[in-house]
Amino acid sequence: AKAMGRGNFQFFTEGMNAATTRRLSLESELRSGLEREQFVLHYQPQLDLRSGRLVGVEALIRWNHPSRGLIPPAEFIPVAEEAGIIDAIGDWVLQEACRQLGAWREAGLDPLRMSINLSTGQFLDKTLPARIAELLEVHGLHAGLLDLEVTESVSMASPNETIEVMRALTGSGLSLSIDDFGTGYSSLAYLKLFPIRTLKIDRSFVKDIETDPSDADICDVTVLLAHRLGLEVVAEGVETEAQLKFLRSIGCEKIQGYLISPPVPAAQIESLVRRHPPI
Ligand code: C2E
Ligand code: CA
Ligand code: CA
Ligand code: CA
(Lines give C-alpha, C1' and ligand atoms only; values in the text may rest on other atoms or scores of the structure.)
(Ligands and ions follow the chains in the order given, each with its own letter.)
Protein backbone atom coordinates (compact mmCIF):
# COMPACT_ATOMS: atom_id res chain seq x y z
CA ALA A 1 0.00 0.00 0.00
CA LYS A 2 2.91 2.26 0.87
CA ALA A 3 4.58 1.69 -2.46
CA MET A 4 1.35 2.42 -4.27
CA GLY A 5 0.90 5.58 -2.26
CA ARG A 6 4.32 6.73 -3.26
CA GLY A 7 3.62 5.82 -6.85
CA ASN A 8 0.41 7.85 -6.78
CA PHE A 9 2.18 10.76 -5.22
CA GLN A 10 4.84 10.72 -7.88
CA PHE A 11 2.22 10.52 -10.59
CA PHE A 12 0.37 13.38 -8.96
CA THR A 13 3.50 15.56 -8.89
CA GLU A 14 4.25 14.82 -12.50
CA GLY A 15 0.62 15.67 -13.34
CA MET A 16 0.96 18.97 -11.48
CA ASN A 17 4.17 19.78 -13.27
CA ALA A 18 2.63 19.06 -16.62
CA ALA A 19 -0.35 21.28 -15.78
CA THR A 20 1.91 24.04 -14.47
CA THR A 21 4.11 23.86 -17.52
CA ARG A 22 1.09 24.06 -19.79
CA ARG A 23 -0.21 27.02 -17.82
CA LEU A 24 3.09 28.88 -18.02
CA SER A 25 3.45 28.26 -21.73
CA LEU A 26 -0.15 29.40 -22.28
CA GLU A 27 0.67 32.58 -20.36
CA SER A 28 3.72 33.35 -22.43
CA GLU A 29 1.86 32.50 -25.62
CA LEU A 30 -0.88 34.91 -24.56
CA ARG A 31 1.67 37.68 -24.09
CA SER A 32 3.28 37.09 -27.45
CA GLY A 33 -0.18 36.64 -29.03
CA LEU A 34 -1.03 40.13 -27.87
CA GLU A 35 2.22 41.54 -29.27
CA ARG A 36 1.75 39.73 -32.55
CA GLU A 37 -1.86 40.85 -32.86
CA GLN A 38 -3.30 37.36 -32.87
CA PHE A 39 -6.57 38.41 -31.24
CA VAL A 40 -9.69 39.19 -33.22
CA LEU A 41 -13.10 40.50 -32.34
CA HIS A 42 -16.20 38.83 -33.65
CA TYR A 43 -19.50 40.64 -33.44
CA GLN A 44 -22.90 39.25 -32.57
CA PRO A 45 -25.89 41.31 -33.71
CA GLN A 46 -28.69 42.37 -31.38
CA LEU A 47 -32.19 42.49 -32.83
CA ASP A 48 -34.83 44.93 -31.62
CA LEU A 49 -38.07 42.94 -31.38
CA ARG A 50 -40.23 46.05 -31.69
CA SER A 51 -38.77 47.28 -34.97
CA GLY A 52 -37.38 44.00 -36.27
CA ARG A 53 -34.07 45.75 -36.93
CA LEU A 54 -30.50 45.22 -35.91
CA VAL A 55 -29.58 47.87 -33.36
CA GLY A 56 -26.21 46.84 -32.08
CA VAL A 57 -23.50 44.25 -31.78
CA GLU A 58 -21.64 42.66 -28.91
CA ALA A 59 -17.87 42.40 -29.39
CA LEU A 60 -16.57 38.95 -28.42
CA ILE A 61 -12.87 38.18 -28.43
CA ARG A 62 -11.22 35.15 -30.07
CA TRP A 63 -7.60 34.13 -30.21
CA ASN A 64 -6.40 33.28 -33.67
CA HIS A 65 -3.67 30.91 -32.58
CA PRO A 66 -1.05 30.14 -35.28
CA SER A 67 -1.22 26.36 -34.78
CA ARG A 68 -4.40 25.72 -32.80
CA GLY A 69 -6.78 27.91 -34.80
CA LEU A 70 -9.55 30.05 -33.34
CA ILE A 71 -9.66 29.64 -29.55
CA PRO A 72 -12.82 30.71 -27.68
CA PRO A 73 -12.52 33.17 -24.76
CA ALA A 74 -13.51 30.60 -22.11
CA GLU A 75 -10.20 28.86 -22.82
CA PHE A 76 -7.93 31.85 -22.30
CA ILE A 77 -9.75 34.65 -20.43
CA PRO A 78 -9.50 32.86 -17.04
CA VAL A 79 -5.75 32.30 -17.56
CA ALA A 80 -5.32 35.91 -18.71
CA GLU A 81 -7.13 37.04 -15.56
CA GLU A 82 -4.90 35.03 -13.24
CA ALA A 83 -1.74 36.02 -15.07
CA GLY A 84 -2.62 39.72 -14.97
CA ILE A 85 -2.71 40.00 -18.77
CA ILE A 86 -6.43 40.63 -18.87
CA ASP A 87 -6.04 44.41 -18.53
CA ALA A 88 -3.81 44.62 -21.58
CA ILE A 89 -6.17 42.35 -23.53
CA GLY A 90 -9.16 44.37 -22.35
CA ASP A 91 -7.53 47.58 -23.49
CA TRP A 92 -6.87 46.02 -26.89
CA VAL A 93 -10.56 45.06 -27.09
CA LEU A 94 -11.63 48.64 -26.36
CA GLN A 95 -9.21 50.02 -28.95
CA GLU A 96 -10.21 47.53 -31.60
CA ALA A 97 -13.96 47.93 -31.01
CA CYS A 98 -13.65 51.73 -31.29
CA ARG A 99 -11.49 51.42 -34.39
CA GLN A 100 -14.15 49.17 -35.94
CA LEU A 101 -16.95 51.60 -35.09
CA GLY A 102 -14.91 54.35 -36.76
CA ALA A 103 -14.32 52.15 -39.81
CA TRP A 104 -18.03 51.34 -40.11
CA ARG A 105 -18.81 55.02 -39.94
CA GLU A 106 -16.21 55.81 -42.61
CA ALA A 107 -17.78 53.10 -44.77
CA GLY A 108 -21.11 54.92 -44.51
CA LEU A 109 -22.75 52.16 -42.53
CA ASP A 110 -25.74 53.16 -40.39
CA PRO A 111 -24.63 53.54 -36.77
CA LEU A 112 -24.69 50.42 -34.65
CA ARG A 113 -24.23 50.43 -30.90
CA MET A 114 -21.26 48.44 -29.70
CA SER A 115 -21.42 46.40 -26.49
CA ILE A 116 -18.08 45.59 -24.90
CA ASN A 117 -17.43 43.15 -22.06
CA LEU A 118 -15.38 44.56 -19.19
CA SER A 119 -13.21 42.47 -16.90
CA THR A 120 -13.30 43.19 -13.15
CA GLY A 121 -9.93 44.90 -13.29
CA GLN A 122 -10.95 47.14 -16.17
CA PHE A 123 -14.19 48.09 -14.49
CA LEU A 124 -12.42 49.09 -11.28
CA ASP A 125 -9.58 50.89 -13.08
CA LYS A 126 -9.90 54.58 -12.24
CA THR A 127 -8.29 55.56 -15.54
CA LEU A 128 -10.94 53.78 -17.65
CA PRO A 129 -13.27 56.78 -18.19
CA ALA A 130 -10.36 58.91 -19.46
CA ARG A 131 -9.11 56.06 -21.65
CA ILE A 132 -12.54 55.68 -23.23
CA ALA A 133 -12.89 59.42 -23.76
CA GLU A 134 -9.52 59.37 -25.53
CA LEU A 135 -10.54 56.50 -27.81
CA LEU A 136 -13.85 58.15 -28.64
CA GLU A 137 -12.02 61.31 -29.60
CA VAL A 138 -9.38 59.58 -31.68
CA HIS A 139 -12.04 57.80 -33.71
CA GLY A 140 -14.51 60.70 -33.77
CA LEU A 141 -17.21 58.66 -32.05
CA HIS A 142 -20.25 59.65 -30.06
CA ALA A 143 -20.23 58.13 -26.54
CA GLY A 144 -23.86 57.07 -27.03
CA LEU A 145 -22.63 54.38 -29.42
CA LEU A 146 -20.88 52.53 -26.61
CA ASP A 147 -22.41 50.11 -24.17
CA LEU A 148 -20.24 48.49 -21.51
CA GLU A 149 -21.24 45.13 -20.05
CA VAL A 150 -20.41 44.33 -16.45
CA THR A 151 -21.41 41.00 -14.96
CA GLU A 152 -23.88 40.79 -12.14
CA SER A 153 -21.25 39.30 -9.84
CA VAL A 154 -18.70 42.06 -10.55
CA SER A 155 -21.24 44.83 -10.05
CA MET A 156 -22.65 43.36 -6.84
CA ALA A 157 -19.28 42.52 -5.25
CA SER A 158 -18.92 45.99 -3.80
CA PRO A 159 -22.05 47.90 -4.80
CA ASN A 160 -21.22 51.26 -3.25
CA GLU A 161 -17.99 51.41 -5.19
CA THR A 162 -19.85 50.19 -8.26
CA ILE A 163 -22.21 53.16 -8.13
CA GLU A 164 -19.28 55.58 -8.15
CA VAL A 165 -17.47 53.79 -10.94
CA MET A 166 -20.66 53.65 -12.97
CA ARG A 167 -21.31 57.35 -12.48
CA ALA A 168 -17.83 58.18 -13.71
CA LEU A 169 -18.37 56.02 -16.79
CA THR A 170 -21.85 57.21 -17.71
CA GLY A 171 -20.83 60.85 -17.26
CA SER A 172 -19.56 60.84 -20.83
CA GLY A 173 -22.88 59.58 -22.23
CA LEU A 174 -22.14 55.90 -22.74
CA SER A 175 -24.50 53.26 -21.39
CA LEU A 176 -24.05 50.28 -19.10
CA SER A 177 -25.54 46.79 -19.06
CA ILE A 178 -25.63 44.12 -16.38
CA ASP A 179 -24.50 40.87 -18.01
CA ASP A 180 -25.49 37.34 -16.98
CA PHE A 181 -28.36 38.69 -14.91
CA GLY A 182 -29.93 36.09 -12.64
CA THR A 183 -26.89 33.83 -12.39
CA GLY A 184 -25.47 35.44 -9.26
CA TYR A 185 -26.90 37.41 -6.42
CA SER A 186 -28.42 40.83 -7.03
CA SER A 187 -29.40 43.25 -4.35
CA LEU A 188 -32.52 44.88 -5.75
CA ALA A 189 -31.93 47.92 -3.55
CA TYR A 190 -28.61 48.46 -5.34
CA LEU A 191 -29.85 47.50 -8.76
CA LYS A 192 -32.26 50.41 -8.42
CA LEU A 193 -29.37 52.78 -7.68
CA PHE A 194 -27.07 51.69 -10.50
CA PRO A 195 -27.06 54.11 -13.47
CA ILE A 196 -27.59 51.30 -15.96
CA ARG A 197 -29.69 51.03 -19.07
CA THR A 198 -30.02 47.30 -19.69
CA LEU A 199 -30.34 43.91 -18.03
CA LYS A 200 -29.12 40.96 -20.05
CA ILE A 201 -30.98 37.76 -19.21
CA ASP A 202 -28.52 34.90 -19.12
CA ARG A 203 -28.79 32.15 -21.71
CA SER A 204 -29.28 29.54 -18.98
CA PHE A 205 -32.82 30.89 -18.42
CA VAL A 206 -33.63 31.20 -22.10
CA LYS A 207 -32.44 27.73 -23.12
CA ASP A 208 -35.41 25.76 -21.71
CA ILE A 209 -37.95 28.55 -21.78
CA GLU A 210 -40.39 26.39 -23.75
CA THR A 211 -40.22 23.32 -21.54
CA ASP A 212 -39.39 24.57 -18.07
CA PRO A 213 -42.18 26.71 -16.57
CA SER A 214 -39.91 28.10 -13.86
CA ASP A 215 -37.40 29.37 -16.45
CA ALA A 216 -40.29 30.98 -18.32
CA ASP A 217 -41.43 32.58 -15.05
CA ILE A 218 -37.92 33.82 -14.28
CA CYS A 219 -37.72 35.54 -17.66
CA ASP A 220 -41.19 36.97 -17.25
CA VAL A 221 -40.45 38.37 -13.78
CA THR A 222 -37.05 39.71 -14.88
CA VAL A 223 -38.67 41.69 -17.69
CA LEU A 224 -41.31 43.03 -15.27
CA LEU A 225 -38.66 44.00 -12.74
CA ALA A 226 -36.47 45.64 -15.37
CA HIS A 227 -39.37 47.66 -16.74
CA ARG A 228 -40.40 48.81 -13.25
CA LEU A 229 -36.84 50.02 -12.76
CA GLY A 230 -36.90 51.79 -16.13
CA LEU A 231 -34.46 49.36 -17.73
CA GLU A 232 -34.58 47.50 -20.98
CA VAL A 233 -33.95 43.82 -21.43
CA VAL A 234 -31.77 41.88 -23.83
CA ALA A 235 -32.26 38.10 -23.83
CA GLU A 236 -29.12 36.12 -24.67
CA GLY A 237 -28.73 32.80 -26.40
CA VAL A 238 -32.01 32.83 -28.35
CA GLU A 239 -31.88 29.85 -30.70
CA THR A 240 -35.48 29.14 -31.70
CA GLU A 241 -38.52 30.95 -33.10
CA ALA A 242 -40.54 29.67 -30.12
CA GLN A 243 -38.11 31.33 -27.69
CA LEU A 244 -38.33 34.56 -29.67
CA LYS A 245 -42.13 34.41 -29.65
CA PHE A 246 -42.26 33.87 -25.90
CA LEU A 247 -39.78 36.67 -25.23
CA ARG A 248 -41.75 39.03 -27.41
CA SER A 249 -44.96 38.08 -25.58
CA ILE A 250 -43.47 39.07 -22.22
CA GLY A 251 -42.24 42.42 -23.56
CA CYS A 252 -38.53 41.74 -23.89
CA GLU A 253 -37.08 44.48 -26.12
CA LYS A 254 -34.06 42.87 -27.69
CA ILE A 255 -32.61 39.48 -28.39
CA GLN A 256 -29.24 38.08 -29.25
CA GLY A 257 -28.53 34.50 -30.28
CA TYR A 258 -27.82 31.95 -32.96
CA LEU A 259 -31.38 32.38 -34.29
CA ILE A 260 -30.31 35.80 -35.57
CA SER A 261 -26.61 35.11 -36.01
CA PRO A 262 -23.63 33.66 -34.16
CA PRO A 263 -20.76 36.08 -33.50
CA VAL A 264 -19.18 36.80 -36.92
CA PRO A 265 -16.24 38.77 -38.34
CA ALA A 266 -16.82 42.49 -38.98
CA ALA A 267 -17.26 42.11 -42.74
CA GLN A 268 -20.27 39.85 -42.23
CA ILE A 269 -21.87 42.41 -39.94
CA GLU A 270 -21.59 44.91 -42.77
CA SER A 271 -23.58 42.73 -45.15
CA LEU A 272 -26.16 41.92 -42.45
CA VAL A 273 -26.63 45.62 -41.72
CA ARG A 274 -26.94 46.53 -45.39
CA ARG A 275 -29.77 44.03 -45.61
CA HIS A 276 -31.41 45.08 -42.32
CA PRO A 277 -30.55 48.74 -41.68
CA PRO A 278 -30.54 49.76 -38.00
CA ILE A 279 -32.82 52.46 -36.66
P1 C2E B 1 -20.99 36.49 -22.54
O2 C2E B 1 -20.60 37.91 -22.43
O3 C2E B 1 -22.15 36.03 -21.73
O4 C2E B 1 -21.22 36.25 -24.10
C5 C2E B 1 -22.23 35.43 -24.65
C6 C2E B 1 -21.66 34.10 -25.08
O7 C2E B 1 -22.75 33.28 -25.55
C8 C2E B 1 -20.69 34.19 -26.26
O9 C2E B 1 -19.73 33.15 -26.09
C10 C2E B 1 -21.58 33.87 -27.46
O11 C2E B 1 -20.87 33.37 -28.58
C12 C2E B 1 -22.48 32.83 -26.87
N13 C2E B 1 -23.76 32.76 -27.56
C14 C2E B 1 -24.44 33.76 -28.17
N15 C2E B 1 -25.60 33.34 -28.67
C16 C2E B 1 -25.68 32.03 -28.40
C17 C2E B 1 -26.67 31.03 -28.67
O18 C2E B 1 -27.71 31.27 -29.28
N19 C2E B 1 -26.40 29.76 -28.21
C20 C2E B 1 -25.27 29.45 -27.53
N21 C2E B 1 -25.08 28.21 -27.14
N22 C2E B 1 -24.31 30.40 -27.25
C23 C2E B 1 -24.53 31.65 -27.68
P24 C2E B 1 -18.20 33.44 -26.30
O25 C2E B 1 -17.99 34.37 -27.45
O26 C2E B 1 -17.51 32.11 -26.32
O27 C2E B 1 -17.80 34.24 -24.99
C28 C2E B 1 -17.84 33.63 -23.74
C29 C2E B 1 -17.59 34.63 -22.63
O30 C2E B 1 -16.25 35.14 -22.70
C31 C2E B 1 -18.48 35.85 -22.70
O32 C2E B 1 -19.75 35.53 -22.19
C33 C2E B 1 -17.69 36.81 -21.85
O34 C2E B 1 -17.94 36.58 -20.49
C35 C2E B 1 -16.26 36.43 -22.17
N36 C2E B 1 -15.71 37.38 -23.13
C37 C2E B 1 -15.82 37.39 -24.48
N38 C2E B 1 -15.17 38.45 -25.02
C39 C2E B 1 -14.65 39.14 -23.98
C40 C2E B 1 -13.90 40.36 -23.87
O41 C2E B 1 -13.57 41.04 -24.86
N42 C2E B 1 -13.52 40.75 -22.61
C43 C2E B 1 -13.89 40.05 -21.49
N44 C2E B 1 -13.51 40.51 -20.28
N45 C2E B 1 -14.63 38.92 -21.56
C46 C2E B 1 -15.00 38.48 -22.78
CA1 CA C 1 -21.54 39.84 -22.52
CA1 CA D 1 -23.88 37.16 -20.92
CA1 CA E 1 -22.50 34.30 -19.93
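Remark: accessible surface ordering of ASP110, ASP91 (largest first) is ASP110, ASP91, probe radius 1.4 Å. Extending 7 Å from the Cα toward the beta-carbon at both ILE163 and ARG275 defines two label points whose distance is 4.7 nm. Taking the Cα centre of segment 119-217 as reference, the dipole from Cβ charges on Lys and Arg (+1) and Asp and Glu (-1) amounts to some 420 debye.
Taking all protein chains as shown and a probe of 1.4 angstrom, VAL138 keeps an accessible surface of around 100 Å².
Using a Gaussian network model of the chain in which every pair of alpha carbons under 10 angstrom is joined by a spring, one finds that among GLU35, GLU137, GLU210 the greatest mean-square fluctuation is at GLU35.
Summarising the overall dimensions of segment 151-214 from its C-alpha atoms, the Rg and Dmax are 13.3, 43 angstrom. With protein chains left intact and a 1.4 Å probe, residues in the chain average 51 Å² of accessible area per residue.
Rounded to the nearest 500, the helix-only mean residue ellipticity at 222 nm of the chain stands at -15500 deg cm²/dmol, with each DSSP H run of n ≥ 4 adding -39,500 (n - 2.57). The charge dipole of the chain, taken about its Cα centre with unit charges on the Cβ atoms of Lys, Arg (+1), Asp and Glu (-1) only, comes to about 200 debye. With θ taken as phi - 60° and the Karplus curve 6.51 cos²θ - 1.76 cosθ + 1.60 applied, the whole-hertz 3J(HN,Hα) list for segment 166-174 is 5, 5, 4, 6, 6, x, 7, x, 7 Hz, x standing for glycine and proline. If R0 equals 51 Å, the separation of the Cβ atoms of ARG31 and SER249 corresponds to a calculated FRET efficiency of about 0.60. Each of THR183 and ALA133 was given a label point 7 Å from its Cα along the Cα-to-Cβ line. The distance between the two points is 3.3 nm. In terms of overall dimensions, the C-alpha atoms belonging to the chain reach 69, 47, 39 Å along their principal axes, ordered largest to smallest. Given +1 at the Cβ of Lys and Arg, -1 at the Cβ of Asp and Glu and no other charges, the dipole of segment 151-279 around its Cα centre is 540 debye to the nearest 20. FRET efficiency for the GLN38 to ALA143 pair, using the beta carbon distance and R₀ = 45 Å, is estimated at 0.95. Rounded to the nearest 10 degrees, what's the angle between the helix 266-275 long axis and the longest principal axis of the chain, both from Cα atoms, 0 to 90? Taking Cα atoms only, the helix is inclined about 20 degrees. Assuming a ≥ b ≥ c are the square roots of the Cα gyration tensor eigenvalues, decide whether segment 181-271 counts as rounded (a/c under 1.5), prolate (otherwise, with a/b larger than b/c) or oblate. Oblate.
The values are calculated or read from the model by the stated rules, or taken from the named source; none is laboratory data. Computed from a prediction, not measured in an experiment: that's the story for all the values here. Glycine gets a Cβ as well: all are built from the backbone with ideal geometry, and neighbour counts include every protein chain shown. Ligands, DNA and RNA are stripped out before the accessible areas are found, and what is left, the full protein with its side chains, is counted by its heavy atoms. Shrake-Rupley method; radii C 1.70, N 1.55, O 1.52, S 1.80 Å.
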